[in-house]
Every structure is written in structure tokens, then in C-alpha cells.
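The values are calculated or read from the model by the stated rules, or taken from the named source; none is laboratory data. Not measured: the values here are computed from a predicted model. Virtual Cβ from ideal backbone geometry, glycine too; neighbours counted across all protein chains shown. The accessibility values were calculated without ligands, DNA or RNA, using every heavy atom of the protein model including side chains. Shrake-Rupley method; radii C 1.70, N 1.55, O 1.52, S 1.80 Å.
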Amino acid sequence: MNTYSAPAKVILFGEHAVVYGEPAIAAPFNTLQAQVIATPAPPDSGLSIISPASSLRLHVTLANDTADNALIYAAQLVLKALTKPPPDLTLELHSNIPIGGGFGSGAAVSAALMRALSAALGEPLDGEALNALVYQVEKLHHGTPSGIDNTVIVYNQPVYFVRGTAPQRFQVGTPLTFLVADSGVSASTRETVSDVRRLYTRDQAHYSAIIGEIGNLTRAARTLIESGESLTELGELMNTNHSLLRALTVSSAHLDRLCAAARRQGAYGAKLSGGGRGGSLIALIEPDLAQSISAAMRDAGAAQTWLMRLE
Ligand code: PMV
């Protein structure tokens, strides 16, 4: 029996704009994890994927139709990449990452599952190969993903990411403390990404200006994070990023309320994180304000909050 895992991720700056070639900054969030336990199964029993939490049991063959089953698709991608038949193996899924919460749950489950299966086949995938395969599964979830989720999750490192280029590591000048919140509303990234695309196609001049502004502030945020100079300015960039995401129609009254609650209670800044309309949000805070800001966010309707340190 062997266990494989992959973390959740949080986007700090640049979601949505990243789909259009602007940079984004994201970090792994290891408090939330997907885990897969691999156990050898009796001869000729084949490959099963089970999830005790959802009473799910899937039997994987190379011939399964995978049109809407990302787990079977993920397993098949590994078998095809390694040109192996399904082994006699049970893969048991566990995850505490909220689904539809903007935490990259799908990418984390795929990464852990592919790690487990490739290791059981005696050919553990390296980062680059795994990243490429998880991206294939992301396409099933999201349509036209930028690739940021799989990249942060597979490499388990903070990244400055520009679509189609190698992810860049960046320095963190002063440790940053974030409060990460689950808004309690599940939302579809596929839907928000395609809504933004529709707006962009209709009025390219207007929406490309907003997307360009998000790109500029993401570049400025990287410089501030690296210098560690001004948390106040970094927080303001988060607030501006949130307003620009609202202009892209991917915020919601609930997310605006949660951000406002965090700011009122003393957060340097707050913004939605990920696809939007629900999902997660982040606030940049002083560690000693964590309890009061967390309470304010929960009073305003957040389902859960966690502390995240970036250093
Ligand atoms: O998977 P989510 O909800 O964290 O969103 C991913 C970030 C987007 O920029 C909205 C989409 C993408 O593919 O980059």
C-alpha cells in the first residue's frame, strides 16, 4: 500500500487574464490535499478507482468511454502514455479540497491518481510528463484552461505563470500571511471562462483593456512580493484586481460582501481567487488579526477559512 498526494492551489493575482496571455501568480496550498492510496488487487481483477466518501467505484479498461469521466480519462492517459494494460490495482481517493471551490480540486485529484498509477506500473512520471497529462484532464473540466492549476499543483511551488511558457519561481521578500476562504458557493470555472470569452468577443477594445490592466497589476505585484516592501500597496493591488474581476462579471454580491468584511476588519486587501462567482477568496492580513478577520468573513457567510503563509 502506497500513498500519493497533490496539494490544492490558490491564485494570488491574474486569474482570467492569464487565459489571454497575461501573467498570473499562484501558490500551492498544502493544508488541502488530494490523496490516492494504491493497493495491489487479486490477479485478473483489473484496475479499480474507488472513493469511500462518495461511494464511487469505477472499473477502468482501455475501452471505457471517457466523455464525462475525468478519473477514468486520467487513468487511461497514463496507461496510453506508458503503453501498459490496466494493472491489478485499487486506487482509493481521498480529498479535503472543496469541489468547485477554485482550489484546483480536479487537477489535484488527477495529479495524485496519475502519480499512484504510474508508480504502480514501475514508471513514475516526472514533473514535465505529469504536468502535460494533468493538463489534458483539465481540458475536460474547463474547456480552455490556461494551465496554471496543473502547473502549481504538479510542481508544488509558487509560480509566476504565463501561458505557453515555462513557469517561473519568484522570491518572497517578506513572508506573507493570507486568509483563504471558501465562499460556500460552488461555481463552474468552465462557465465563467466562457462568459468572459463571450464578452471579449463582443467588445474586444473594452475587455482587452481590463485584461491588460490586470496584467500590469500582476507584474507590479510580483515586484512588490519580491522586494517585500509594502504590504499596504500589495493589498491595494488585490483590491484593484478584485474590482477588475468584477468588471469582467466574475464576482458576485456574496464575494463582494466577503471581501468588504475582510477589509473592514483590517485586511490589507482581499479578492476572489480562481474562476469566481463563488469558489474561494483570499485576504492579505497581519497574522495577529487572523481570528477577527476570519470571524468577520464567517459572519458574512464564508463556509470556512484557513491560514496560508507564503515565504
Ligand atoms: O480552477 P479555478 O477556478 O481556480 O480557475 C482557474 C483560473 C482561470 O484563470 C479562471 C482559468 C484558467 O484556466 O486559468
- For K271, which aspartates and glutamates qualify as cross-link partners when the Cα separation must be under 15 Å and same-chain residues fewer than eight apart are set aside? E15, D182, E233, E236, D256
- Query: How large, in percent, is the carbon and sulfur part of the accessible surface of the stretch 132-210 at a probe radius of 1.4 Å?
  - Reply: 49
- Just need log10 I(q)/I(0) for the stretch 2-161 at q = 0.15, 0.17 Å⁻¹, Debye formula, equal scatterers on the alpha-carbon atoms, no solvent, rounded to two decimals. -0.74, -0.94
- Task: Only Lys, Arg, Asp and Glu count, each charged at its Cβ (+1, +1, -1, -1), so figure out the dipole size of the chain about its Cα centre, rounded to 20 debye.
- Result: 400
- Query: Taking only protein heavy atoms and a 1.4 Å probe, what accessible area per residue, in Å², does the chain have with all protein chains in place?
  - Reply: 41
- Taking a crude spin-label model, label points 7 Å out from Cα along the C-beta direction, the E191 to L58 distance in nm is 2.2
- Query: Which of A41, N131, G21 sits farthest toward the positive end of the charge dipole of the chain, with +1 on the Cβ of Lys and Arg and -1 on the Cβ of Asp and Glu?
  - Reply: G21
- Positive-end residue of Y160, I285, A262, charge dipole of the chain with Cβ unit charges: A262
- If you place +1 on the Cβ of every Lys and Arg and -1 on the Cβ of every Asp and Glu, how big does the dipole about the Cα centre of the stretch 188-311 come out, in debye to the nearest 20? 520
- Item | Principal-axis tilt of helix 231-247 within the chain, Cα atoms, nearest 10 degrees | 70
- Note on the structure: Within the set A300, A107, A41, GNM on the chain using Cα springs under 10 Å gives the largest fluctuation to A41
- Item | Cα principal axis extents for the stretch 8-82, largest first, Å | 49, 28, 24
- Message: How long are the semi-axes of the equivalent ellipsoid of the chain, defined as square roots of 5 times the Cα gyration tensor eigenvalues? Whole Å, largest first.
- Response: 35, 20, 18
- re the stretch 176-310: pairs of Cα atoms spaced beyond 28 Å account for a percent value of 16
